[in-house]
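Written below as structure tokens is the structure these notes are about.
The values are calculated or read from the model by the stated rules, or taken from the named source; none is laboratory data. Keep in mind that this is a model prediction, so the values were computed, not measured. Neighbour counts run over all protein chains shown; Cβ positions are idealised from the backbone, glycine included. Side chains are part of the model used for accessible areas, which takes the heavy atoms of the whole protein and leaves out ligands, DNA and RNA. Shrake-Rupley method; radii C 1.70, N 1.55, O 1.52, S 1.80 Å.
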Amino acid sequence: MSEEAKPNGGVDIAIEEKPKVVLDQANDIPAPDSNAATLHEVHHVGDNVEGSIPAAPVDTATSHPNDQNGAQDQDIETGTPSTTDSNDRVNVNFRPGAYMVRGPGYEAAQEEEEKEEEIFEGFLPEPSREDILRREAQAMLDSAITLDESNVRVVPLSKDDDASEGIGGRDVGVTTTPNDNIAQDDEDCAHEVEVEEEGGPDGRLKKSVKSPMACIVLTSLLLSSIALSVTIGSKDAAVSSTDETCVVENFQERYDRARSIVSGITSNDTLANVTSPQNKALKWLVCHDRISSSLIDRAARLSSLSGSGLPPLPTQAHGSIIAGNSGESQVLRRYALAVFFYSTSESGPWTEQWNFLSGEKHECAWHTNSTTRESFPFGDFEPRGFLCHENVTHPAGAIILNDGEVEVGQMQLSFQTPNNLTGTIPPEFGHIQGMTHVGLQYQKGLYGPIPSTIGNLVGLQTFSLLFAGPELGGVIPSSLFTIPTVEYITFQYNEGRFSFPPSINSQGNHSLLALIIRGSLTGTMPLFLSEFPNMRELSLEDGSLEGTIPDYFGALTSLNFLNLRDNSLSGTLPESLGRLSEVTAIVLGKNKLSGRLPSWGGNLTKLRLLDLSYNDFTGEIPSAFSELRSLEHISLQHNADLRGPISAFESLGNMSSLLLYGNNFSSTIPEGLFSNFTGQIFADFGHNNFTGTLPETFTRWASDTSYLAIMANNFDDGVIDDVICEEVPKLFADCGSCPCCKTCCDDDSTSGKKGICHFDLDFYILAGLECSSWWFACGVRSF
């Protein structure tokens, strides 16, 4: 309703019986009129002002509006004159509010009797919410303290009083006083504020509060109840907005439309739970999200114009290449992001909000650009939050803040620094429509499983979870593997434990390029990995995988990088691995593999790194290894019964690292070993049964040899010459073999007395394997 009022604060109301009002100026109430035929009792709902309007016969000689000398009525509230209109109706000025005018035959004494009576109701322009709260607060504070008990008037409320339902459905009777007498001392406050609740003899419990401070506290509580009762919407607590900042004219209409949209991804029971993140997100959507509210309200206006049901929400400017430009998809996306925010704020707000829940900003602007990180390999600029890239061919298109000018090509959730996220990842996370990349790092407070709804992100390309806490884990949803666009799945350095699902329904999905899970994987090797023939990297290291290496690995013919290091895999190596014609690295160290080394032969023409260390392999090196022409790094350390000659390595002209520590090889070092290589040499022959001397190659390439270990063998005395002694920075040899060495290993080195000679060259760091599939780009490390 309009809030326009007369200049004096009054508003005209026309009364059909043409009453004439005469005010008693001393008491500011209508005086009795002997000519009055009937009385109309007026109740002002807003201010509890009660008075009677005497009805009198109309005297056109004295009250006609055209007679300037005629008597004029006065405003009941202000004493200002009222007027009559051309239809001989008296216009009485009242202050804004709701009034009830009772018709003829009404008597106050009949208040408790049931009697049909003629009632006229009129509603004046309602005051604003701020005016109501201000007026009620002032009245309650004025009446909070008094010494004059005679001025206390009890306002009884019946159990079925509608007003009680507006305060949580509880009957409350409050004893208040006017502001005539205000106590000056707390000790003199003898008044009582009585609150009736459920219980007591008549179903109520009466409580008395006598402290002035308690009166103020109770006043605050009542103000909160008033704010709840004034809300616009349903009586359902889950529907009403209890947020005092939520002043929405069409709250219920907007709420119902918003709920109908989000109920497709969230159950109504969950939405009705006032403590749920979903309920909070829905209220934020309705009360504070101007973008979503605008889309919803525009649809409602179109509906009222057309007279039909609610039409689809208006489209966005350009929208997303994945989710389209539907306005409903944007509302769902903003709602799902809000649920994620509330769900991960269990122990308090995020350290930084990163512009999340900025109702006036497009969700593409919900991030910050102020972060730099020295370890970030692609530059110091690292935005955090939810960000978007324009739709361009290059994957790193310009970051945009909205879709006003261009279509959004990629939407990325990038949380790569700690931000105090505590709670679960909600199911609605899988409905952030248009999201193409997810990166959650260093959020130690997350717990529970990854929701299976993740499979609804039909445009998802990468999913990365790093450095999570111990409570986040469980079975990886099978739906994650079936997303038709997913290319990279990464779980690394997480404290929780994850396992594979027993099976998946890939539906012909061939998009997965890399699966990297490090440090948190249990169970056995799943069979469904064979359904990804285009996969280029499979890295499942540092976990607790058991069982054997499946024979179907040979069908992954696109594989470049296979890393199963540091698990509990057992059994023999399948010959089918020899069919991996594109593989560049096979890393199977630190398992329980056994048997003889396979004769893979010449199919692995691109193999550059082979790590079979810390296993139980036996037998001699197959001659087929000489066909691995691209091999650069070989580690066979700690396979106790590998024996025989190593001549198969002599023809490998690209070999840079040869680590044979802790085996039972018993031959001379081939003369042609390392003869054609130009670069840094790492050679570890320690703790074997090698005999003879070192090839001349080591003297010739001494300045390019970074590491050389020959201790605990049967080499000739003086096998280390002065050139090697001076040029090689890391040299370890028995004292008898190296008279020029400043530090050498004596005969007791095998007993552990000389710990300096009991160590292993860390092949993992040497080969740059911490760079995962980029190991060849990390370069060989110097020691």
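Of all the numbered requirements in (1) in contact with a Gly (Cβ under 9 Å, 6 or more places away or on another chain); (2) closer than 20 Å to Ser343 by Cβ; (3) assigned to a strand (DSSP E or B), Gly469 misses one, and that requirement is (3). The set of residues in the stretch 567-589 that are in a loop (DSSP other than H, G, I, E, B), in contact with a helix residue (DSSP H, G or I) (Cβ under 9 Å, 6 or more places away or on another chain) and open to solvent by 10 Å² or more (accessible area, probe 1.4 Å) comprises Pro574, Ser581, Thr584.
When Asn654, Asn603, Asn664 are screened for being surrounded by fewer than 18 Cβ atoms within 10 Å (Cβ to Cβ) and either in contact with a strand residue (DSSP E or B) (Cβ under 7 Å, 6 or more places away or on another chain) or in contact (Cβ under 8 Å) with a residue 60 or more places away in the chain (or both), only Asn664 passes. Set side by side, the residues Glu352, Glu328 differ, and just one is farther than 19 Å from Asn456 by Cβ and modelled with pLDDT of 90 or more, which is Glu352.
Okay, residues lined up against (1) under 30 Å from Ile432 (Cα atoms); (2) of a type outside the set (D, E, K, R); (3) open to solvent by 60 Å² or more (accessible area, probe 1.4 Å); (4) modelled with pLDDT of 70 or more:
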site	(1), (2), (3), (4)
Pro212	no, yes, no, no
Ser225	no, yes, no, no
Ser229	no, yes, no, no
Gly233	yes, yes, no, no
Ala237	yes, yes, yes, no
Asp243	yes, no, yes, no
Arg254	yes, no, no, yes
Leu310	yes, yes, yes, no
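Scanning the stretch 602-622 for residues that are part of a loop (DSSP other than H, G, I, E, B) and not β-branched (Val, Ile, Thr) gives Leu604, Lys606, Leu607, Arg608, Leu612, Ser613, Tyr614, Asn615, Glu620, Pro622. Residue-level check: of (1) without any contact (Cβ under 8 Å) to a residue 40 or more places away in the chain; (2) under 47 Å from the mean Cα position of the chain (by Cα); (3) open to solvent by 10 Å² or more (accessible area, probe 1.4 Å), Arg608 misses just (1).
Going by the conditions given, is Ala640 hydrophobic (A, V, I, L, M, F, W, C) and either open to solvent by 10 Å² or more (accessible area, probe 1.4 Å) or more than 26 Å from Thr743 (Cβ to Cβ) (or both)? The answer is yes for Ala640. Can you tell me which residue within the stretch 724-742, out of those that are touching a residue at least 12 places away in the same chain (Cβ under 8 Å), part of a loop (DSSP other than H, G, I, E, B) and open to solvent by 80 Å² or more (accessible area, probe 1.4 Å), is nearest to Arg700 (Cα to Cα)? That would be Pro729. Go through the stretch 467-502 and give me each residue that's surrounded by fewer than 18 Cβ atoms within 10 Å (Cβ to Cβ), in contact with a Phe, Trp or Tyr (Cβ under 6 Å, 6 or more places away or on another chain) and of a type outside the set (A, V, I, L, M, F, W, C). Hits for the stretch 467-502 are Glu471, Tyr493.
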